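The values are calculated or read from the model by the stated rules, or taken from the named source; none is laboratory data. The structure presented is a predicted model; accordingly, all values stated were derived computationally and were not measured. When we count neighbours, we look across all protein chains shown, and the Cβ atoms used for this are built from the backbone with ideal geometry, even at glycine.
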Amino acid sequence: MSYGPDLVEFSHILFTHSPMAYDNVRDILTLPDPRTLRIQRARLPRFPIGIQPRTFELVCDTLTKLNYSGPVALSCDDSKLLASFRPYYDEEKEAYFIMGHVGEPYQLVDHESFRRVVMEKKLEKATKLRLFCLQVPIPKVPTIIVAALAIPENLAAPDLIGYTWDILTGLLERNVSVASYATDGSNVERSVSALLEERATRVEEIRFKHPADDGTEHNDIIIPIFYFGSQPVAILQDPKHLLKTFRNNVFSGAQVPILPNHAILFSDIRSMAMSDSPIYKRDVTNVDRQDDNAATRLFSGATLDWLSSRHPELRGLIVFLFICGEMIDAYQSRSLSIEERVQMILRAQFFFEFWEKFIEVGGYSKAKHYLSPQCTKILKMLIRGFLQLVVIYRGYNGMYALLPWLLCTEAVEHVFGMCRQIIKDFTMHDFHLMVPKLFIKLRRAFFRADTTDGKARANGYSHTHTDIRDIDFGMLSSFPTDVNIQQASTRAYGEAHSIFSYLGLTPEQLYGSVVRFPGISTWYTDQDNIDSDSECDSDSLSSDNVDDTPNYQDVLDSLEDLDGSISEQENRRLMDFRYATVALTVDDQMSICRLPEFDDDARTEALSDDASHISTILASIGNSIAMRLPPVNVNDHTNAFELNLDTAVDLSELVRLRFRHQTKQAATGIRTMGVPSDSTIPSASVKPLTERQRILREFSQILKQQEDQGVGTGLERKFRWKSDAYHQPDTLRSNGQDNAQESSPNGNSANAVAAAKVSATKVSFHA
């Protein structure tokens with residue numbers, strides 16, 4: 001008998017999710033025998049599986065059509081994946097394979113092989129998607145998706161480095177100028193970056209004299225440039241991740257950051273939120289660790305202004321917010337000159353040098369009273385990475401502007417967010433089907449230059465990399481010389497010196513030991529049992545953690561073994577939920593197919609338009625170079641931060657700089673008079689349950705009768721991610737547009753709801 005492709009697709013989905021449900025349905029409907037599931041699937045994944053020659057051919061073809069040969073940014077990140085096997089047909093190899101498992105593609109050799117794989121669990125299901133993206137660092141040019149890999153939850157850095165190395169070398173061998181490689185700030189990603197640095201062909205060091213003139217020895221400022229072949233590559237971390245990590249260091253309770261005469265306390269920030277400050281109550285109560293907007297508000301110019309005018313005695317908090325906010329805006333600002341950004345970065349470096357020295361000299365426990373080890377490593381990599389970018393882009397002789405906000409991991413996170421707009425919990429097969437559809441969505445987001453709602457609360461990721469407001473290409477394509485950088489370091493050191501002195505202790509006292517002061521150990525008696533050398537649980541401070549909660553497919557698989565051990569009534573309920581789950585999966589597949597997609601001619605035409613846009617931007621940069629006058633040689637390095645500690649301190653200069661350097665997102669995202677209180681605004685983190693969550697809730701009630709074990713959903717971020725692992729969650733709302741409420745289900749979703757309600761009992765769900 002001949003079966004249509006849609007029926008074959010449905011049969012594959014049903015059999016994959018539940019062989020028992022498949023056998024039951026075959027008693028009612030005429031479905032293919034399992035051996036007929038070898039028929040070619042209707043929707044063949046066209047995006048390359050894994051890393052193969054075609055992976056790089058597609059990238060080169062796109063760059064050729066864009067007529068672009070300049071520096072590009074490579075970035076990588078992981079996201080939670082719905083663990084599920086799906087068969088697919090490979091036209092080139094003329095064979096059937098399984099998608100959704102860890103490792104090399106597994107070929108189905110006969111009609112029973114798929115059933116055996118599913119039933120005998122011979123393959124390990126992938127629980128995470130590792131995605132590599134390429135970004136042309138020019139506004140309004142969409143992200144290029146390079147490769148997607150299915151990986152397990154606990155893959156270590158020595159295994160992950162192989163993927164990164166294959167991608168990087170594959171691109172460089174085809175003359176793609178990868179000028180930077182960015183990841184998030186997790187422990188494993190930093191380890192991958194360190195392993196990548198070890199594989200560099202050569203390392204050149206750019207040295208600058210430390211500007212300290214206190215008579216003590218200081219190490220030179222060293223900028224290592226890692227070459228892979230003839231291509232220098234900057235190794236970066238994500239600045240928005242660091243901003244949230246700064247915030248989480250104060251919020252976690254694992255440590256109390258101590259500065260001279262001042263402590264940075266969460267209680268002070270909470271008091272701000274409970275008053276009329278620019279931050280919201282929701283920013284400090286029931287905290288969303290991934291809330292970009294909350295972190296941006298805390299370090300904004302308006303918050304610094306409010307704090308300095310209302311509570312100038314909180315000097316430690318004021319300085320902390322200023323230094324950290326300025327460092328991140330060296331990456332995020334659209335209009336500052338490169339030299340000024342270098343000064344902001346070096347100011348942070350010198351300040352943290354002073355702070356670390358203070359902790360050492362004062363005898364404080366670094367684990368308890370300084371920043372977390374993760375935070376310290378990330379900020380050092382970001383400081384070094386920005387200086388690497390300046391040197392590398394300077395080598396292009398001003399032909400290309402340095403847009404640092406486009407060189408981080410936000411592009412990858414944006415792709416994940418768009419995928420979750422289509423299917424909240426997608427499989428590896430779903431992702432491959434979505435890639436061609438994402439081409440249109442990415443173009444629309446970049447060309448519209450979407451900006452997110454900066455006032456949103458508990459809203460997770462807030463993407464701003466498409467924001468083109470206030471971009472000054474003249475500033476961004478004018479690079480400082482080594483002499484300029486040395487002068488900027490002198491000014492930055494003077495500013496950091498004055499700011500640290502404002503806290504009540506001068507760097508000369510630190511390094512010269514003019515004044516000795518008691519350590520924190522003198523505050524405690526022996527019975528307090530304070531171990532100054534103990535390390536806190538640093539993972540608790542990471543702002544990008546993932547849980548090990550099973551997803552609904554794992555639950556379905558476990559339910560297959562319960563037949564015969566449960567009552568007939570419970571068995572009927574389980575079968576209803578199996579049917580409902582399959583109906584939802586079919587609806588997900590249909591939602592992908594309904595999305596618009598360019599054919600080859602339309603895609604070529606779109607890329608041709610992008611090429612014209614790139615040509616226009618590069619021409620404008622070239623014109624700015626021709627018209628640019630030589631910089632004025634300013635010898636007056638008057639320090640605007642000189643503070644007279646004998647009189648009332650004027651903090652207006654710090655406030656002025658924060659207002660000038662911050663982004664539009666920070667300026668517009670603060671709480672203002674007339675904004676309703678948090679209690680009257682629905683929280684974005686409290687959402688009604690999805691249909692799969694409702695179904696899984698019913699599954700859990702049945703499983704609880706069989707074993708003392710709870711079941712999680714793995715769908716929404718609140719249920720998908722927890723705080724005891726190392727990777728960054730990606731249930732982001734692309735462009736900040738996720739609705740707080742979901743529309744009523746229709747089609748197969750409505751059928752699923754109806755099927756689930758046949759036997760379901762109402763059980764209260766606690767998030």
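Has segment 468-480 got any residue that is at pLDDT below 90, in contact with a Phe, Trp or Tyr (Cβ under 6 Å, 6 or more places away or on another chain) and not aromatic (Phe, Trp, Tyr)? No, segment 468-480 contains no residue that is at pLDDT below 90, in contact with a Phe, Trp or Tyr (Cβ under 6 Å, 6 or more places away or on another chain) and not aromatic (Phe, Trp, Tyr). Within segment 198-212, does at least one residue satisfy the condition of being touching a helix residue (DSSP H, G or I) at 6+ places or on another chain (Cβ under 6 Å), at negative phi and at pLDDT below 90? No, that holds for no residue. Filtering segment 238-284 down to residues that are assigned to a helix (DSSP H, G or I) and among the acidic types (Asp, Glu), which residue is nearest to residue 304 (Cα to Cα)? Filtering segment 238-284 for residues that are assigned to a helix (DSSP H, G or I) and among the acidic types (Asp, Glu), the one nearest to residue 304 (Cα to Cα) comes out as 268.
When the residues of segment 494-520 are filtered to those that are among the hydroxyl-bearing types (Ser, Thr, Tyr) and part of a loop (DSSP other than H, G, I, E, B), which remaining residue is modelled with the highest pLDDT? The qualifying residue modelled with the highest pLDDT is 506.
As for segment 320-329, it holds at least one residue that is touching a Pro at 6+ places or on another chain (Cβ under 6 Å) and over 18 Å from residue 257 (Cα atoms).
Of everything listed in (1) touching a helix residue (DSSP H, G or I) at 6+ places or on another chain (Cβ under 8 Å); (2) among the acidic types (Asp, Glu); (3) more than 19 Å from residue 165 (Cβ to Cβ), the single unmet condition for residue 90 is (1).
Could you list, in sequence order, all residues of segment 385-435 that are basic (Lys, Arg) and under 15 Å from residue 476 (Cα atoms)? Walk me through it before giving the result.
From segment 385-435, those basic (Lys, Arg) are 394, 420, 424; that's our starting set.
Scanning segment 385-435 gives a single hit, 394.
Restricted to segment 124-159, and to residues there that are of a type in the set (Gly, Ala, Ser) and surrounded by fewer than 20 Cβ atoms within 10 Å (Cβ to Cβ), the residue that is nearest to residue 98 (Cα to Cα) is 156.
Here's the yes/no breakdown for (1) in contact with a strand residue (DSSP E or B) (Cβ under 7 Å, 6 or more places away or on another chain); (2) at pLDDT 85 or above; (3) within 28 Å of residue 236 (Cα to Cα):
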site	(1), (2), (3)
67	no, yes, yes
70	no, yes, yes
77	yes, yes, yes
80	yes, yes, yes
93	no, no, no
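Selection of segment 207-218 for residues being surrounded by fewer than 16 Cβ atoms within 10 Å (Cβ to Cβ) and outside any loop (DSSP other than H, G, I, E, B) yields only 207. When residues in segment 187-206 are screened for being part of a strand (DSSP E or B) and touching a residue at least 60 places away in the same chain (Cβ under 8 Å), 1 of them pass.
Could you run through segment 388-401 and say how many residues are in a helix (DSSP H, G or I) and in contact with a helix residue (DSSP H, G or I) (Cβ under 7 Å, 6 or more places away or on another chain)?
2
In a residue-by-residue description of segment 425-438, the property of being at pLDDT 75 or above and among the hydroxyl-bearing types (Ser, Thr, Tyr) applies to at least one position. Counting only strands (runs of 3 or more DSSP E) that sit wholly inside segment 95-175, those with at least 3 residues that are closer than 28 Å to residue 191 by Cα and at pLDDT 80 or above are 128-135, 144-151.
For residue 397, the conditions (1) in contact (Cβ under 8 Å) with a residue 60 or more places away in the chain; (2) more than 29 Å from residue 257 (Cα to Cα) all hold with the exception of (1).
Scanning segment 170-187 for residues that are surrounded by fewer than 20 Cβ atoms within 10 Å (Cβ to Cβ) and either among the hydroxyl-bearing types (Ser, Thr, Tyr) or under 30 Å from residue 372 (Cα atoms) (or both) yields a count of 2. Filter segment 604-624 down to residues that are buried (at least 18 other Cβ atoms within 10 Å of the Cβ) and not hydrophobic (A, V, I, L, M, F, W, C) and give me whichever is modelled with the lowest pLDDT. The qualifying residue modelled with the lowest pLDDT is 624.
Which members of segment 320-363 meet the condition of being polar (S, T, N, Q) and either free of Cβ contacts under 8 Å to residues at least 60 places away in the same chain or closer than 25 Å to residue 398 by Cα (or both)? Hits for segment 320-363 are 332, 333, 335, 337, 343.
Considering each residue of segment 60-91, count those that are among the basic types (Lys, Arg) and under 15 Å from the mean Cα position of the chain (by Cα), and give that number. Write out each step before concluding.
Here is the first cut: in segment 60-91, the residues among the basic types (Lys, Arg) are 65, 80, 86.
Now drop any that are not under 15 Å from the mean Cα position of the chain (by Cα), which leaves 80.
Number satisfying all stated conditions: 1.
The sole residue among 319, 256 that is surrounded by fewer than 20 Cβ atoms within 10 Å (Cβ to Cβ), in contact with a strand residue (DSSP E or B) (Cβ under 8 Å, 6 or more places away or on another chain) and at pLDDT 90 or above is 256. Filtered by the rule that a residue be within 25 Å of the chain's Cα centre (by Cα), over 25 Å from residue 272 (Cα atoms) and assigned to a loop (DSSP other than H, G, I, E, B), segment 289-348 gives 333, 334, 335, 336. Only a single criterion out of (1) under 29 Å from residue 336 (Cα atoms); (2) small (Gly, Ala, Ser); (3) modelled with pLDDT under 85 is not satisfied by residue 458, namely (1).
In this structure, does residue 422 turn out to be closer than 22 Å to residue 224 by Cα and either modelled with pLDDT of 90 or more or of a type outside the set (Ser, Thr, Tyr) (or both)?
In short, no.
Within the span defined as segment 166-183, one or more residues are in contact (Cβ under 8 Å) with a residue 40 or more places away in the chain, out of contact with any Phe, Trp or Tyr (no Cβ under 8 Å at 6 or more places or on another chain), under 13 Å from residue 78 (Cα atoms) and not polar (S, T, N, Q).
Just one of 146, 136, 117, 109 is free of Cβ contacts under 8 Å to residues at least 12 places away in the same chain and touching a strand residue (DSSP E or B) at 6+ places or on another chain (Cβ under 9 Å); which is it? Full working, then the answer.
Working: 146 fails: free of Cβ contacts under 8 Å to residues at least 12 places away in the same chain; 136 fails: free of Cβ contacts under 8 Å to residues at least 12 places away in the same chain; 117 fails: free of Cβ contacts under 8 Å to residues at least 12 places away in the same chain.
One residue alone meets the criteria, 109.
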